[in-house]
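Here's the structure we're looking at; comments come further down.
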Amino acid sequence: QVQLAESGGGAVQAGGSLRLACTFSEYTDCMAWFRQAPGKEREGVASITSASGRTFYDDAVKDRFSISRDNALQMNNLKSYDTAIYYCAARNRWSCPLDVSSYDSWGQGTQVTVSS
């Protein structure tokens, strides 16, 4: 399995920005970000196909978040409901669904807290 490690989380006020980074031990076809808020299931945020750079976003973050080929996640105009632990994930397939069960490599997570 690919070894992944997130960084860049922290506390920010609503409307602010954060950039999350994910380091990984080897190339993978598909990288993604997920998040899990307290008491809720883990959900997909964004994904990117390494070869083509094609991206996918959950509707809740579209136009505010941007994922790049190095699997960094730029988060702008943060809202209180963005508060969660953010995880990067990887899989060796050419499709990148925002589905937890599709990924077999995960980082430990980084906390993002947005205060209103």
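The values are calculated or read from the model by the stated rules, or taken from the named source; none is laboratory data. What you see is a predicted model, and the numbers here were worked out from it, not measured in a lab. When we count neighbours, we look across all protein chains shown, and the Cβ atoms used for this are built from the backbone with ideal geometry, even at glycine. When the accessible area is computed, the model is the full protein with side chains, heavy atoms only, and any ligands, DNA or RNA have been set aside. Shrake-Rupley method; radii C 1.70, N 1.55, O 1.52, S 1.80 Å.
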**OP:** Scan segment 93-116 for residues that are over 12 Å from residue 35 (Cα atoms), in contact with an Asp or Glu (Cβ under 8 Å, 6 or more places away or on another chain) and surrounded by fewer than 15 Cβ atoms within 10 Å (Cβ to Cβ) and jot them down.
**Re:** 93, 94
**OP:** List every residue pair whose Cβ atoms lie under 6 Å apart, where the two residues are 6 or more positions apart in sequence or sit on different chains, the first residue falls within segment 20-48 and is free of Cβ contacts under 8 Å to residues at least 40 places away in the same chain, and the second residue, located anywhere, is surrounded by 15 or more Cβ atoms within 10 Å (Cβ to Cβ).
**Re:** 25/2; 26/2
Subject >> Residue match in segment 31-49 (condition: assigned to a loop (DSSP other than H, G, I, E, B), at negative phi, surrounded by 15 or more Cβ atoms within 10 Å (Cβ to Cβ) and modelled with pLDDT under 95) >> reply: no
Original post:
Among (1) open to solvent by 10 Å² or more (accessible area, probe 1.4 Å); (2) touching a residue at least 60 places away in the same chain (Cβ under 8 Å); (3) not in a loop (DSSP other than H, G, I, E, B), where does residue 56 come up short?
Top reply: (2)
